[in-house]
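K.L.:
Before anything else, here's the structure in question.
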Amino acid sequence: MEYVILAVVIAVVAIGAVTGLVVSGRRRKELPPVERPTTVAPTTPSEPQVGDEAAPPREAPVQTIEEVQLPDSVETAGAVEAVEAEQAVEAPAVEVPEPTAGRLVRLRSRLSRSQNSIGKGLLALLSRDRLDEDTWEEIEETLLTADVGVAPTQELVERLRTRVKVLGTRTPAELRALLQEELVALIGTEADRTLKTAKHEDGRPAVVLVVGVNGVGKTTTSGKLGRVLVADGRTVVLGAADTFRAAAADQLQTWGERVGARTVRGPEGGDPASVAFDAVKEAIAEGADTVLIDTAGRLHTKTGLMDELGKVKRVVEKHGPVDEVLLVLDATTGQNGLVQARVFAEVVDITGIVLTKLDGTAKGGIVVAVQRELGVPVKLIGLGEGADDLAPFEPGAFVDALIGD
Ligand SMILES: Nc1nc2c(ncn2[C@@H]2O[C@H](COP(=O)(O)OP(=O)(O)O)[C@@H](O)[C@H]2O)c(=O)[nH]1
Ligand SMILES: [Mg+2]
């Protein structure tokens, strides 16, 4: 009897083993032929288990982004996933910049808090019950601290004194309107602040030269302005005439690539004037609308600066007159900016000022001072390092941002 039981147990075990082999053999046959490439990293101990592989893990896309980026994993990923990953690397999406209309209003919060407090401070001072001499002196100091400049400050204080006297009773709303009006008048609304960036009738592109000392934000401004123009439907060519370092041209090119604008560049240390000339030449050939030429500012002597910048402009003008010469000034440098403005104005006819870094200074009054100094309007202001942080300068919106409306 015991033998019989033993024999049955052996038989059951044997049948079980054979069935197992057959089933696993079938499962093995059911597997797709050599799906996994031979380059796959050493398999984990669990992988040879046929039972484990019967569940098709590769049909469920469980790969994380990190895994897809790893070379080994890309090979094991499905073909579609691999192709998609490749496309993402090869064709960076071209960005669509923000529209420019109303940018200053949108960026108003960027005007530094201290700058805002100057506008609000003026309003508070004007709203005092008694406008005595001390108060007028405080108003004057506030304006001077903001770098408005001595003459414009005195003019403004005079006008405010006269108008406040006429006003008699002063309601907050009246005072605000009065200050708004006088600050806007001080900045000026007559000047043409538009940029000449439209193609000429003869098909020649508009040429914009961007000048200024090192670090003020020329390249950044060229890039941001390029985006603005592209957003407005223009075709733009960038000229990397800052040939001191390859990195400077790379920086400009990166800006251009983001919006699909081509950059013309020369060899490191090459002649800036010839790069500028080539940029305009190529833009003419392509029928582009606008050429933006970014120049170098790291010149140690005034003579060197005069020579090089003068040459760039003269050489470019062989193609026709330059439409805009934008002087970029860093608002945080205050009065120093005025000295720079004078030097540049001697070399080239500046047609517009770009005041950068207004997001980081309380010296917004420099807008007034620099316009007086050069007799040239501020056309653009920089309010941050972001790609769309450049705004057309509008006196009304600027003053509203200062004193709040
Ligand atoms: N906060 C702030 N930074 C700016 C602005 N414009 C430019 N910058 C920064 O200033 C630095 C110098 O700019 P860059 O364009 O290289 O100056 P460049 O030497 O005149 O070409 C960079 O770090 C820019 O991001 C601005 O409006 N606001
Ligand atoms: Mg630069």
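K.L.:
I'd like to check something: does region 207-219 contain any residue that is more than 16 Å from ligand 2 (Cβ to nearest atom), of a type outside the set (Asp, Glu) and in contact with a helix residue (DSSP H, G or I) (Cβ under 8 Å, 6 or more places away or on another chain)?
P.N.:
Taking every residue of region 207-219 in turn, at least one turns out to be more than 16 Å from ligand 2 (Cβ to nearest atom), of a type outside the set (Asp, Glu) and in contact with a helix residue (DSSP H, G or I) (Cβ under 8 Å, 6 or more places away or on another chain).
K.L.:
Report every pair of residues separated by at least 6 positions or lying on different chains whose Cβ atoms are under 6 Å apart, first residue within region 207-221 and farther than 11 Å from Val354 by Cα, second assigned to a helix (DSSP H, G or I) and near ligand 2 (Cβ under 8 Å from one of its atoms).
P.N.:
That search, which allows pairs on different chains as well, returns Thr219/Gln251; Thr219/Leu252.
K.L.:
Looking at this structure, is Val291 outside any loop (DSSP other than H, G, I, E, B), closer than 15 Å to Leu229 by Cβ and among the aliphatic types (A, V, I, L, M)?
P.N.:
So Val291 fits the description; yes.
K.L.:
If you take just the helices (runs of 4 or more DSSP H) that sit entirely in region 150-253, which of them hold at least 2 residues that are within 16 Å of ligand 1 (Cβ to nearest atom) and of a type in the set (S, T, N, Q)? Let's see the steps before the verdict.
P.N.:
Numbers: elements: 150-167, 172-187, 218-231.
The qualifying helices (runs of 4 or more DSSP H) are 218-231.
Conditions tested, residue by residue: (1) out of contact with any strand residue (DSSP E or B) (no Cβ under 8 Å at 6 or more places or on another chain); (2) within 13 Å of ligand 1 (Cβ to nearest atom); (3) acidic (Asp, Glu).
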residue	(1), (2), (3)
Ala276	no, no, no
Lys281	yes, no, no
Ile284	yes, no, no
Gly287	yes, no, no
Asp294	no, yes, yes
Gly304	yes, no, no
Gly310	yes, no, no
Val316	no, no, no
Glu324	no, no, yes
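K.L.:
If you don't mind, there's one more thing I want to ask. Here is a check on your reading of the model: is Leu309 within 16 Å of ligand 2 (Cβ to nearest atom), crowded, with 19+ Cβ neighbours inside 10 Å and modelled with pLDDT under 95?
P.N.:
Yes; evaluated as a whole, the condition is true for this residue.
K.L.:
In region 329-387, what residues are touching a Pro at 6+ places or on another chain (Cβ under 8 Å), under 26 Å from Thr303 (Cα atoms) and surrounded by fewer than 20 Cβ atoms within 10 Å (Cβ to Cβ)?
P.N.:
Of everything in region 329-387, just one residue is touching a Pro at 6+ places or on another chain (Cβ under 8 Å), under 26 Å from Thr303 (Cα atoms) and surrounded by fewer than 20 Cβ atoms within 10 Å (Cβ to Cβ), namely Arg372.
The values are calculated or read from the model by the stated rules, or taken from the named source; none is laboratory data. These numbers come from a predicted model, not from an experiment. All Cβ positions, glycine included, derive from the backbone under ideal geometry; neighbour counts span all protein chains shown.
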